[in-house]
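The values are calculated or read from the model by the stated rules, or taken from the named source; none is laboratory data. Bear in mind that the values here come from a model prediction, so they are computed numbers and not experimental data. Glycine gets a Cβ as well: all are built from the backbone with ideal geometry, and neighbour counts include every protein chain shown.
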Amino acid sequence: MNGIFLALSVIVIGYIYQNRNLVTKYSTSEMPAHHLYYKSAITGFIFFFIGLICTFSILLKFSLIEYHQDKNLIDNIHFLPDLKILWVMSFCCALILCLCFVWLKNYILLRGIDRVNNINKIYAMTLTTPLDKLLNDSAFLSEDDFKNKIVLLSMNDKKVYVGTVFPDRKIFERFLYGQTEFIFCPMYSGYRHKETMELVITTDYLKDQNLDQHKYQMILDRKNIVTATKVDLDTLFDFMDRDVFFNKLSHVSRKKLPVLVIMKNKNIYIGRLSDNMSNYSTLSDVTHIGLNLGYQCIFDRDQIKIGQYYDFRKTKDLYCHLSFREVESIWFRTKPEDFWMKDKHVSPEMLLKLFEHRLVDCREVEEDLIIMAD
């Protein structure tokens, strides 16, 4: 029974230290229970051992116990006070030492911090997981550093949110007690395509916010976050444009739609893509594009007049390879049935007007975007 009381005393003192220590309070709350007991027991044992030494020092100082020189150490144990009294005195001494040490540590490390209104600063010192550090920066960095507040959260249901964490001072206090919900202020939202994992933005919240970044708020669960990263909006949309371009190019190739390729040297090639774009994984992999050639045109000065015009429709299997770096723009036509008129002459001006959609322009008609997503 005495051993049980001693073990409980050690664990209680260790737990009080972990709970009163504001610097480690949050990090220990996420430990598994057996790890917390183990850590509390070690800490409590250290304080209890020091308390026991202090108790013996006090008893010897006031001559409440006496060490008999003529007897060995084991025989001197019989002259000690009752073990229950010694245990109570050691426990009280260890508890006082624990509280004083915690107070001194908190005072030194948290000096100058408002523990009521700026408790998030205390938790920021103890954050151990990269996700919590990211959420903390997003919520509490100054507005002057707004770009570093923007994060992209990918959820386990494939939904994606771009925005900032609402600066709720009690966010980590709720995390401390097992709650995982937090308030998120979205700027954009969308989803990842189930096969290609391409990021598709479907909602722009900035259109209606009128400079109030906290106008729209939603509740997210930290447990449902799969990936989280800081993001620069310009870089994000640059990557998205490249992904959209590549997916549209793959769609045009797969459907064998007529394309019009304008090169930087003002040569114009019209035909169908002959390359299988499924062989490439990203736009960066594409160095050349193959074209089953139907027409070739060359612009004169300032692209006002077409100077040369070649009709290769009667030439079978005429292919050309174009350097992708030299491509200025690619246009395509969604209705090839009234375009490939082999028996009729088509003027170059009319030919160019038949292509209504430009691949490099992200402002495509929504119908084509839906086709790409499917």
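Here are some notes:
- For segment 148-172, filtered to residues that are at pLDDT below 85 and buried (at least 17 other Cβ atoms within 10 Å of the Cβ), the residue that is farthest from L220 (Cα to Cα) is F172.
A quick yes/no check of all residues on (1) at pLDDT 85 or above; (2) in a strand (DSSP E or B); (3) over 12 Å from L322 (Cα atoms); (4) within 36 Å of the chain's Cα centre (by Cα):
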position	(1), (2), (3), (4)
Y269	yes, yes, no, no
S281	no, no, yes, yes
S284	no, no, yes, yes
G290	yes, yes, no, no
G294	no, yes, yes, no
C297	no, yes, yes, no
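- Residue among I77, I85, I119, I108 that is more than 30 Å from L60 (Cβ to Cβ) and modelled with pLDDT under 80: I119
- Number of positions in segment 138-147 that are part of a helix (DSSP H, G or I) and at pLDDT below 85: 6
- Residue in segment 300-320 that is within 21 Å of R242 (Cα to Cα) and either surrounded by 13 or more Cβ atoms within 10 Å (Cβ to Cβ) or modelled with pLDDT of 65 or more (or both) present: no
- Single residue of segment 24-62 satisfying the filter (within 18 Å of G178 (Cα to Cα) and among the aliphatic types (A, V, I, L, M)) that is modelled with the lowest pLDDT: M31
- A124, sole failed condition from (1) surrounded by fewer than 14 Cβ atoms within 10 Å (Cβ to Cβ); (2) at pLDDT below 75; (3) touching a helix residue (DSSP H, G or I) at 6+ places or on another chain (Cβ under 8 Å); (4) aliphatic (A, V, I, L, M): (1)
- Residues of segment 225-267 that are modelled with pLDDT of 80 or more, closer than 30 Å to M155 by Cα and either part of a strand (DSSP E or B) or aromatic (F, W, Y) (or both): I225, V226, T227, A228, T229, K230.
- If only residues of segment 173-208 that are hydrophobic (A, V, I, L, M, F, W, C) and within 20 Å of L134 (Cα to Cα) are counted, the one that is surrounded by the fewest Cβ atoms within 10 Å (Cβ to Cβ) is I183.
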